[in-house]
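The values are calculated or read from the model by the stated rules, or taken from the named source; none is laboratory data. Fair warning: this is a prediction, and the values are worked out from it, not measured in the lab. Don't worry about glycine lacking a Cβ; one is built from the backbone with ideal geometry, like all the others, and counts go over all protein chains shown. For accessibility, only protein heavy atoms count, side chains too; no ligands or nucleic acids. Shrake-Rupley method; radii C 1.70, N 1.55, O 1.52, S 1.80 Å.
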Amino acid sequence: MTAAVFDHDGPWTEEEQLALGETSQRVELFDGSLHLTSAPTPRHQRISRKLGNILEPAAEAAGLELLEAVNVRLRPGRVPVPDLVVTDPVDLDDVYVAAADVRLVCEIISPGNASTDKVLKMHYYAAAHIDWHLLVEQETGALRLHRRRHAHYVEHSAAQRGEILELVEPVRAKIRPEDLVP
């Protein structure tokens, strides 16, 4: 894949991004530019699995779906891969999940890509009208739930170790930071 990325001229299209196939890297498309990140660490994946284990029954109870690391098409040419999403029922064989189907997007902040997750992707999710955004900070264990207000997010609630983050929309769940982050 490395040769295909470095030998490419001009902006990338969604078709070219998909043609790269499955890789050990996460390949996201932002307005013609590829953003590649290394495979997640075991800590990141443990947090993702534990959070998914909490959110999946809550999503199913609400008639929704929990998906991990899927292509979310925010608009043509803008396709991030969030850590977790809660969506309306979708065709599980589609290459993309449409932003309009996403009810909650979750990002687990890694030290190497914090600015992408906390600034760029957060801005793009709000612009795509995804109402709920959950950030998990690996280093501190803090959870920050944001709700979209117009074209940006505002913090709705937060929890540190020893506290509980309670979600009531789009799913009902209680999350304790220490259950996610060792």
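Using a Förster distance of 25 angstrom, determine the FRET efficiency expected from the C-beta separation of residue 120 and residue 160, and round it to 0.05.
0.50
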Checklist entry - Using alpha carbon coordinates only, what is the Rg to Rh ratio of the chain, with Rh defined as the Kirkwood radius? => result 0.96
Next on the checklist: If you roll a 1.4 angstrom probe over the protein chains with everything in place, what fraction of the accessible area of the range 40-179 belongs to carbon and sulfur, to the nearest %?
Outcome noted: 48
Checklist entry - Between the range 152-182 and the range 14-62, what's the alpha-carbon centroid distance in Å? => result 20
Checklist outcome for this item: To the nearest 10 degrees, the tilt of helix 42-61 (Cα long axis) against the first principal axis of the alpha carbons of the chain is 70
Next on the checklist: Between residue 129 and residue 96, what is 0.36 nm times their sequence separation minus the Cα-Cα distance? Round to one decimal in nm.
Outcome noted: 10.2 nm
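Within the range 1-87, list the GluC sites (Glu not before Pro) lying in a DSSP loop whose Cβ has at most 15 other Cβ atoms in a 10 Å radius. Write out the running numbers ahead of the final one.
On the way: sites: 14, 15, 16, 22, 28, 60, 65, 68; in loops: 22.
Sparse-neighbourhood loop GluC sites (Glu not before Pro): 22.
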Checklist entry - What is the set of long-range amide H partners of residue 142 at a cut-off below 5 Å, with H atoms built 1.01 Å from backbone N? => result 137
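Net charge around residue 58, counting only other residues with Cβ within less than 12 Å of its Cβ (Lys, Arg = +1; Asp, Glu = -1)? Don't skip to the answer; put the middle values down first.
On the way: positive: 103, 172, 174; negative: 56, 60, 65, 166, 169.
Here the count lands on -2.
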Checklist entry - Taking H as built 1.01 Å from N, whose amide H comes closer than 5 Å to the amide H of residue 78, not counting residues under 5 places away? => result 31
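Subtracting the Cα-Cα distance from 0.36 nm times the residue separation, let me have the gained length for residue 14 to residue 75 in nm, one decimal.
Values: separation 61, 0.36 × 61 = 21.96 nm, distance 1.05 nm.
Computed gain between residue 14 and residue 75 is 20.9 nm.
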Checklist entry - What span do the alpha-carbon atoms of the range 31-121 cover on each of the three principal axes, reported in whole Å from largest to smallest? => result 35, 32, 22
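Take the Cα gyration tensor of the range 67-162, multiply each eigenvalue by 5, square-root it, and list the three semi-axes largest first, rounded to whole angstrom. Kindly include the intermediate steps, with their values, before the conclusion.
Numbers: eigenvalues 94, 40, 34 Å².
The three semi-axes for the range 67-162 are 22, 14, 13 Å.
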Item to check | Computed over the range 88-182: relative contact order in percent, which uses C-alpha pairs under 8 Å that are six or more apart | outcome: 20
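Suppose all protein chains stay in the model; what accessible area per residue would a 1.4 Å probe give for the range 66-152, in Å²?
Working: 3670 Å² over 87 residues.
That works out to 42 Å² for each residue.
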Checklist entry - Looking at 57, 70, 102, which one has the Cα that reaches farthest to the positive end of the dipole of the chain (charges on Cβ: Lys, Arg +1; Asp, Glu -1)? => result 57
Checklist outcome for this item: With label points set 7 Å from each Cα along the Cα-to-Cβ direction at residue 62 and residue 34, the distance between them in nm comes to 3.5
Checklist entry - Looking at 40, 162, 84, which one has the Cα that reaches farthest to the positive end of the dipole of the range 40-179 (charges on Cβ: Lys, Arg +1; Asp, Glu -1)? => result 162
